[in-house]
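Below you'll find the structure, written out as structure tokens, and then a few comments.
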Amino acid sequence: MENLNHPNYAFFQGRIVPMEEAKIDIRTSALQYGTAVFEGIRSYWNDIEKANYIFRLEDHYRRLFESAKIMMLKINYSIKDLCDYTIDLLKKENYSEDSYIRPFAYNGDLNIGPKLNKDSQDLFIYTIPLGEYLDLSRALKVCVSSWSRVPDNCIPPRAKISGSYVNAALQKTEALINGYDEAITLSFGTSFISEGSAMNLFMVKNETLFTPPVSNDILEGITRNTVIELSKEELDLPVIERQISRTELYTADELFFCGTGAQIAPIGNVDGRIISSNEIGKITKKIQDIYFLAVRNNIKKYSKWCTKVI
Ligand code: PMP
């Protein structure tokens, strides 16, 4: 449910301001043409410590800079500045629940014409309370989308570009209209899996994890990287990054999505084919359990990923 009391603040034009003051011109290039890059970061409430922990904060800002480089957007702050502003913002909101952080670096040029203008670039950050983005209490029913993932040489999925989320919106909306929870996309003109509408995909087959490689038009997910590390380190399971054909999904032992929003979301049905008895798979469950311990700073070894909001 929407929490109408939040957010109260945004980081906007170099300082933290009340949300009502964070307004942009209707002519803004980023609004007109999608010329912006962004991040989605989660902060988790640790109820024992009564503290918020931001998960992989620096890694998200590092990716924001990579997205910005691809898009020739200049960010006038350092990673350290952005981490500090984010912590300040969360301190002011004073959440005692899980929340989501949205940094957005954009082209604020007001002229007509889709191009990047080095002089008018800016960045804002806001946060919202956020529980589950996908229902994690059951295995999801998904379809392979009739919409392909936009290829690297059109709008690079490696960069988290606001305009490219038109592609995600088409996939997700089609899936919902047809009675599915989510969509899986293929790389353009191929029968190889790319990812979900806004999440990466893993397949489990014979006690091995498989996920599409970074050359398959995916966003190089931070959760994907977390899953790879946790699977190898904690479960001693091999992880293979290779192309996955559509029909391999139908005969998989287990399938799951992963992402900052999606977290670890089990899939129980693809295109009408039942996967792992339409329940969360054994390995998926283990990964999900470890993930939720790690993100709330409940595993010492992974404290390096958790930034306390103090
Ligand atoms: N792919 C896409 C297209 C996404 O939007 C996201 C969410 N950021 C992901 C994958 C997962 O990335 P991450 O784990 O870094 O959130």
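The values are calculated or read from the model by the stated rules, or taken from the named source; none is laboratory data. Here the structure is a predicted model, which is why all the values come from computation and not from measurement. Every residue, glycine among them, receives a Cβ derived from its backbone with ideal geometry; neighbour counts consider all protein chains shown. SASA here: full protein model, heavy atoms, side chains in, ligands and nucleic acids out. Shrake-Rupley method; radii C 1.70, N 1.55, O 1.52, S 1.80 Å.
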Right, residue 105: open to solvent by less than 10 Å² (accessible area, probe 1.4 Å), part of a loop (DSSP other than H, G, I, E, B) and either within 12 Å of residue 73 (Cα to Cα) or away from the ligand (no atom under 15 Å from the Cβ) (or both) or not? no
Give me a count of the residues in segment 51-66 that are more than 16 Å from residue 296 (Cα to Cα) and surrounded by 23 or more Cβ atoms within 10 Å (Cβ to Cβ). 2
Could you list, in sequence order, the residues of segment 200-225 that are in a strand (DSSP E or B) and more than 8 Å from the ligand (Cβ to nearest atom)? 201, 202, 203, 204, 205, 208, 209, 210, 211
Being over 29 Å from residue 163 (Cα atoms) and surrounded by 20 or more Cβ atoms within 10 Å (Cβ to Cβ) is the requirement here; does residue 194 meet it? no
Counting only residues that are assigned to a loop (DSSP other than H, G, I, E, B) and open to solvent by 40 Å² or more (accessible area, probe 1.4 Å), which one in segment 149-173 is farthest from residue 114 (Cα to Cα)? 158
When residues of segment 124-143 are filtered for being surrounded by 17 or more Cβ atoms within 10 Å (Cβ to Cβ) and closer than 16 Å to residue 196 by Cβ, how many remain? 8
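One line per residue, one yes/no per condition, for (1) open to solvent by 10 Å² or more (accessible area, probe 1.4 Å); (2) within 16 Å of the ligand (Cβ to nearest atom); (3) of a type in the set (D, E, K, R):
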site	(1), (2), (3)
234	yes, no, yes
237	yes, no, no
241	yes, yes, yes
247	yes, no, no
257	no, yes, no
260	yes, yes, no
